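As structure tokens, the structure follows; a few thoughts come after it.
The values are calculated or read from the model by the stated rules, or taken from the named source; none is laboratory data. Only a predicted model underlies this, so the values are computations on that prediction, with no experimental measurement involved. Cβ sites come from the backbone with ideal geometry, for glycine too, and all protein chains shown count toward neighbours.
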Amino acid sequence: MEYNFKEIERKWQQRWKERETYKVKVDPSRPKYYVLDMFPYPSGAGLHVGHPLGYIASDIYSRYKRLTGFNVLHPMGYDAFGLPAEQYAIQTGQHPAVTTERNIARYREQLDKIGFCFDWDREVRTCDPGYYKWTQWAFLRMFGSYYDYDRQQARPIEELIAKFEKSGTEHLNVACTTPLDFSAAQWKEMSEKQKEETLQNYRLAYRADTMVNWCAGLGTVLANDEVKDGLSVRGGYPVEQKRMKQWLLRVTAYAERLLNGLDNLEWSESLKEIQRNWIGKSTGAQMFFDIAGSPEKLEIFTTRPDTIFGVTFMVIAPEHAFTEWLPTPEQRPAVDAYLAETKKRSERERIAETHRVSGVFTGRYAVNPFTGKEIPIYISDYVLAGYGTGAIMAVPAHDSRDYAFARHFGLEIIPVVEGGDISKESYDAKAGKMINSDFITGLDVKEAIPVMFEEVEKRGLGKKQINYRLRDAIFSRQRYWGEPFPIYYKDDIAYPLPEEKLPLELPPVADFNPTEAGEPPLARVKGWATPEGYPYETSTMPGFAGSSAYYLRYMDPHNDRELVSREADEYWRSVDLYVGGIEHATGHLIYSRFWNKFLYDLGIVCEEEPFRKLVNQGMIQGRSNFVYRIKNSNTFVSYGLKGNYDTQEIHVDVNIVRNDILDLDAFRRWSPDYANAEFILEEGKYICGWAIEKMSKSMYNVVNPDYIVDNYGADTLRMYEMFLGPLEQSKPWDTNGIDGVNKFLRRFWRLFFDRDGKPIVTDEKATAAELKTLHKTIKKVREDIENFSFNTAVSAFMICLNELGNCSKREILSPLTVLLAPFAPHMAEELWETLGNTTTVFDSRMPDFDPTLLVENTFEYPVSVNGRLRFKKVLPLGIDPKEVEKAVLADESAQKWTEGKTPKKVVVVPGKIVNIVI
RNA sequence: GCGGACAUGGUGUAAUGGUAGCCACGUCAGAUUUAGGAUCUGAUGCCGAAAGGCGUGGGGGUUCGAGUCCCUUUGUCCGCACCA
């Protein structure tokens, strides 16, 4: 009987369900292991073969860990709030809850076919009120907290209020939007509204009037990680900067901890580097420059205080507060014209015209505190309002942007670091000897910087300062399909809903359309207010809200009193292995770490970092096929002959192409346009061209996992996805190679059964060679799984089978079945049962290898002469290198290759090689 | 511009500094079969009839020995980007 995967897979998926094989409980008697996949957003398109790649890898690892004695938590759920469902609702009028439910059902069906060991009893959905209750709850806790830099943790806002009452802002060292200065008496005199506005300056979740990324196309604001090149990541609509009142999370308070925490994580260096860049820490100096004829001082931030003697002008951002009063009356009209012009330019234009130099002179001068020289102050949009103080000291000799500006406006350029030629371009060096720099002349840049830090502080010009590129996360979206804020307003003061009122459920609406003005759908809901009639916040939370702490909820998903119980949290602690795409590097993976650190500060969770080890699976790309139509005809010419004609390249569905050979009849059926297509063949075949592209419907290169499961089985799909290449690497899907792993599984099956389906496993004793093959494979496969090198593990199985021939001995096949179980669980279960076992294969243990079986007695030394391999010499292992040398030189092959000369040198690497130099 | 990763047959890839190309796909040949998108066997980096030579993007270095380490250069991909 042939391997009937359909029947076997159905049977075992059914049994696993009935027996609750994958149900996990807290079990202090066993070590735990938590394997997590980034949960999917259930889109309407369903899964393609790329989506399960990471799930398969984590499933193999989970099963492996279970087989080595761990109590493995491996849950799955859905990130179900979000824009696509809402966009779909706008187009079709179907409620997002309905389409989401339908998409989830489809996802589940597809996932189930692949045979994952998820504990579905722990499923979470971010759009479920029982789930988002805890998202809202965490938000309330952030609203009720501030960040104390001295204690390096979040604290209840009540402590801050008590402090204000006692001593105002004296000696305050806390995270805030803008530094404030008031006394206890002043605090007490404030109205309730003023007090609340003041507190918003400190809360970890706060409302502020800030510049935000406004996307009119989506009718909502977006976080920085949701915008790329001035366009929304979703949909690609233009994004502009707009001042709006928004909710934000004070992620910046945790910048230093988010940065330092990376050091102890087992994440790829590249991912850590992305996060480090995103946080963007830079150490520099804050400095105050006097302004000629004014008591005001201009505050700037610089990382290069050593170049102070090269400062020849100052630049402030167009949004800088000084633009209101600084310009002289003569310059006022020019300044106003410039400010109006920059305001008109969209963010996209600014990005596109990065190197266009523009600016205007204010007519005023600052004083270089070290030289006493007066230097002009300019306004230019190359200085960003949002970074540092929105003002810079310009050193044209050593900064390319300052250089371009100086050249454009004919400003002085003074070199202060030796080595560059500043006649054509700036010399942006971070090393070299200082020149033209008074008391630091002659020092190296690296020595000069700390000297200047000290000097700046000594002279009272400013102090050392650390800046981050990271911004607070904009937390409101003017959309419907998200978590409502548990906030209501009274006299425009925001009040938190009491925790016992949670969840605040999303009300039904009929019209999902956003408005260009930014009026959210909830604003049109009658009665969207507390029972007393106070209106609720009408925006909703962004996509990352629900995904920020979902890994905690899996630990204790049915608990309606706590986010996670202490018992569950202390047992499962944090995610040991997290598998997912790198695209979340600056979004979810930052927010989650922030969220978790906040909960850690509050004592809700016991681990500060949520994801100990993280593996980024690569993207599966599509492999597109092309046909070549002769222009203005319905004749298609084969790939090799297309050069002879004027052709047009057309994507063709990869599912009607095999090994790049087109199925002509299927092609004629594919589209009515091609029903009468004619072909010019080569060697009787139509060969298609191909290219690697993104897997997408429009390229006709989407391969559905259902199709693979139906035709080859889930076990083949699982093994083939792993066999494609290293997990972390992006690679194209090519169904052509799948026969290799399918053949392997069928051959393995035939070791257990004859043609008639009769079991043929014997109790005959295994030979030494068979045992050696078995143990070599066990060693290799186990090491490969530990190293996430699943592709080479699959190869190891194939090599094993090639070496075993047709060995049907229980002594060999029984451990091999267990070893194979993580990869091909359905087949392994069936064969395990065939071997007479009554329990599931996953209740047994991974076989250990016997190192004594792998010891070699002899070694075939490769012998090279002058670095070139010439012959081999078999010698006993472990003999003295001198003996090896003697034996090799005595060999007649050595005589031949050395032509009888006495070697200058003989290098013997025991167990490796012998090299003779003549 | 800054930062990171990568470069090996027709294809996917494999190689603790030690016989480059394991394992597969594809291709070719053979066996078996009414038939094959089945099964089995063999060949398959390039040049060469062979002996042999040449081969891991290019150039250089360290080493008895380099795909692997170092320098340099080219190309591809990714991240950030007027961040002072």
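Structure above, values below:
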item	result
Subset of segment A:263-282 (residues that are more than 10 Å from RNA strand B (Cβ to nearest atom), part of a helix (DSSP H, G or I) and either of a type in the set (Val, Ile, Thr) or closer than 18 Å to A:GLU583 by Cβ (or both))	A:ILE279
Complete set of residues in segment A:568-606 that are under 19 Å from A:MET142 (Cβ atoms), in contact with a Phe, Trp or Tyr (Cβ under 7 Å, 6 or more places away or on another chain) and assigned to a loop (DSSP other than H, G, I, E, B)	A:GLY587
Selection count where residues are within 27 Å of the chain's Cα centre (by Cα) and surrounded by 21 or more Cβ atoms within 10 Å (Cβ to Cβ), scope segment A:148-183	1
Residue check, A:LEU801 within 16 Å of RNA strand B (Cβ to nearest atom) and either closer than 27 Å to A:LYS17 by Cβ or surrounded by fewer than 19 Cβ atoms within 10 Å (Cβ to Cβ) (or both)	no
In segment A:677-688, the residues that are small (Gly, Ala, Ser) and farther than 12 Å from A:ARG629 by Cβ	A:GLY684
Meets criteria (in contact with a Phe, Trp or Tyr (Cβ under 6 Å, 6 or more places away or on another chain) and within 14 Å of RNA strand B (Cβ to nearest atom)) for A:VAL841	no
Qualifying residue in segment A:402-414 (condition: without any contact (Cβ under 8 Å) to a residue 60 or more places away in the chain, exposed (fewer than 15 other Cβ atoms within 10 Å of the Cβ), more than 15 Å from RNA strand B (Cβ to nearest atom) and over 26 Å from A:ILE291 (Cβ atoms))	no
Residue, farthest from the chain's Cα centre (by Cα), within segment A:439-459, restricted to residues that are under 11 Å from A:THR307 (Cα atoms) and touching a residue at least 12 places away in the same chain (Cβ under 8 Å)	A:ILE440
Candidate set: segment A:367-389, residues that are in a strand (DSSP E or B) and away from RNA strand B (no atom under 15 Å from the Cβ); chosen: the one surrounded by the most Cβ atoms within 10 Å (Cβ to Cβ)	A:PRO376
Candidate set from segment A:211-226 (those that are surrounded by fewer than 18 Cβ atoms within 10 Å (Cβ to Cβ) and among the aliphatic types (A, V, I, L, M)); member that is modelled with the lowest pLDDT	A:MET211
Residue in segment A:759-812 that is nearest to A:THR68 (Cα to Cα), counting only those that are of a type in the set (Asp, Glu) and touching a residue at least 12 places away in the same chain (Cβ under 8 Å)	A:ASP784
Filter result for A:GLY390 (small (Gly, Ala, Ser) and either under 30 Å from A:THR210 (Cβ atoms) or modelled with pLDDT of 90 or more (or both))	yes
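Okay, residues lined up against (1) exposed (fewer than 14 other Cβ atoms within 10 Å of the Cβ); (2) of a type in the set (A, V, I, L, M, F, W, C); (3) part of a helix (DSSP H, G or I); (4) free of Cβ contacts under 8 Å to residues at least 24 places away in the same chain:
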position	(1), (2), (3), (4)
A:GLU9	no, no, yes, no
A:GLN14	yes, no, yes, yes
A:LYS17	yes, no, yes, yes
A:TYR33	no, no, no, no
A:PRO40	no, no, no, no
A:LEU47	no, yes, no, no
A:SER62	no, no, yes, no
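Residues are listed down the side, and each one gets a yes or a no for (1) small (Gly, Ala, Ser); (2) within 30 Å of A:ALA57 (Cβ to Cβ); (3) surrounded by 24 or more Cβ atoms within 10 Å (Cβ to Cβ):
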residue	(1), (2), (3)
A:ASN559	no, yes, no
A:ALA568	yes, yes, no
A:GLY581	yes, yes, no
A:HIS584	no, yes, no
A:GLU609	no, yes, no
A:LYS631	no, no, no
